[in-house]
1. Quick one: in the range 284-339, of everything that is away from ligand 1 (no atom under 16 Å from the Cβ), outside any helix (DSSP H, G or I) and within 22 Å of F116 (Cα to Cα), which residue is most open to solvent (accessible area, probe 1.4 Å)?
2. Name the pairs whose Cβ atoms lie under 6 Å apart, with the first residue in the range 64-83 and within 14 Å of P307 (Cα to Cα), the second open to solvent by less than 10 Å² (accessible area, probe 1.4 Å) and within 16 Å of ligand 1 (Cβ to nearest atom), and 6 or more positions between them or separate chains?
3. Using the structure shown, decide if R213 is away from ligand 2 (no atom under 16 Å from the Cβ) and within 16 Å of the chain's Cα centre (by Cα).
4. For the range 48-57, enumerate the residues that are buried (at least 16 other Cβ atoms within 10 Å of the Cβ) and in contact (Cβ under 8 Å) with a residue 24 or more places away in the chain.
5. Counting just the residues of the range 181-213 that are charged (D, E, K, R) and open to solvent by 20 Å² or more (accessible area, probe 1.4 Å), which one comes out farthest from P304 (Cα to Cα)?
6. So, in the range 225-258, exactly how many residues are free of Cβ contacts under 8 Å to residues at least 40 places away in the same chain and not in a helix (DSSP H, G or I)?
7. Determine which member of the set D45, D75, D60, D90 is among the acidic types (D, E) and open to solvent by less than 20 Å² (accessible area, probe 1.4 Å).
Amino acid sequence: KCRLIACEEAWTIPEVAEELRLVSRGPSQSSDKLLVGGIYDADHDTTGYGKMGFLSGLMDVEERRLPEMNQYGVDMHLLTLTAPGVQMFDADTATELAALSNDRMAEIIAKYPTRFAGLASFAPHSPKRAAKEIDRVMTELKLNGLVVNGHTNGEYFDDPKFWPIFEAAEALDATIYIHPRGPSDTLKGPLMDYAMDSAMWAYGVEVATNMLRMMAGGVFDRFPKLRICVGHMGEMVPFFIWRINFMNSRAQKVGRAPKTQRSMEEYFKDNFVFTTSGVEDPLTLRYAIDRMGIENVIWAIDYPYQPMKPAVDFIENFACTEAEMHALCHGNAERVFRIA
Ligand SMILES: COc1cc(C(=O)O)cc(C(=O)O)c1
Ligand SMILES: [Mn+2]
């Protein structure tokens, strides 16, 4: 029996839920407003999200989450403040609620040290205060890494304003999990119909765009030891990496893209790891392992958005060597998220 550590497990606290409810009733034009309104303001729900039981699943640790983990043999959940985290709030509220959420997360881990680990939040729109929170959570709260959800106010991580965050994360060897959120105002256009605005398509486009901007923008030349984790089998990038590499190299040759020390494929292999969250497809997983290397692939459920049992069955029935199974189910997670 393999130790099972699930690494994209969503959670929230009442104060963040309440703030999101207020935002969902406010003037924000963010594409996340649909989903946030559905989940946090159920009596104004126009999306059906309010009927999927997400909110109770997010708020819960001991009623259902832990008993289900016991029932299905999931040893650990790596918790993350669910998308869009604190990023729809003003910088002050975001800074405050990130710290509160990190403290609450640390309390859960202190109570169940062998069952929960956690990714700390921060307010990207306040990079200097974010760097201070990163320092605090990694050295005092001893959390296991960091999480951020896609863009913040339409800005992406190739923007030097975010450098203080990467400096702190690299110096502390803290992995940053870039989790999706709805597409930014300039990206959302044709993505807002047919429920494409979130997990079906736009989430992947939003994160992959951020990833490519970082790689092509030279972020990993400046921060060579920075490690990024993404979910959803690498947000489509593993399947397109040959073409991304070929076209970026050609663009660099003709001066359309800035010169970088390494290629897109090298950055993706050296500075990224990714989880299987929300992609329970054995063929896709086998390709991703063979293409990107087993040391870069980590199992996750994406609870409560994905049910626990099917995700456990998927990985336990996956055809692979014993060494691959240990890497997928706990070995890589223990290394990347410093889990004992
Ligand atoms: C924040 O709201 C979410 C919704 C869904 C969904 O299945 O609709 C998936 C995720 C996720 O992948 O974490 C998040
Ligand atoms: Mn998720």
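1. Ranking the candidates gives R338 first.
2. The qualifying pairs are E68/M308; Y72/M308; V74/A6; H77/A6; H77/E9.
3. no
4. F54, L55, G57
5. R213
6. 4
7. Only one candidate qualifies: D60.
The rows are residues; the columns are (1) touching a strand residue (DSSP E or B) at 6+ places or on another chain (Cβ under 6 Å); (2) within 16 Å of ligand 2 (Cβ to nearest atom); (3) within 26 Å of L187 (Cβ to Cβ).
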position: A6; (1), (2), (3): yes, yes, no
position: E63; (1), (2), (3): no, no, no
position: L97; (1), (2), (3): no, no, yes
position: R104; (1), (2), (3): no, no, no
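The values are calculated or read from the model by the stated rules, or taken from the named source; none is laboratory data. Remember, predicted model here, so these are calculated numbers, not experimental data. Heads up, the Cβs are rebuilt from the backbone with ideal geometry, glycines too, and the neighbour counts pull from every protein chain shown. When the accessible area is computed, the model is the full protein with side chains, heavy atoms only, and any ligands, DNA or RNA have been set aside. Shrake-Rupley method; radii C 1.70, N 1.55, O 1.52, S 1.80 Å.
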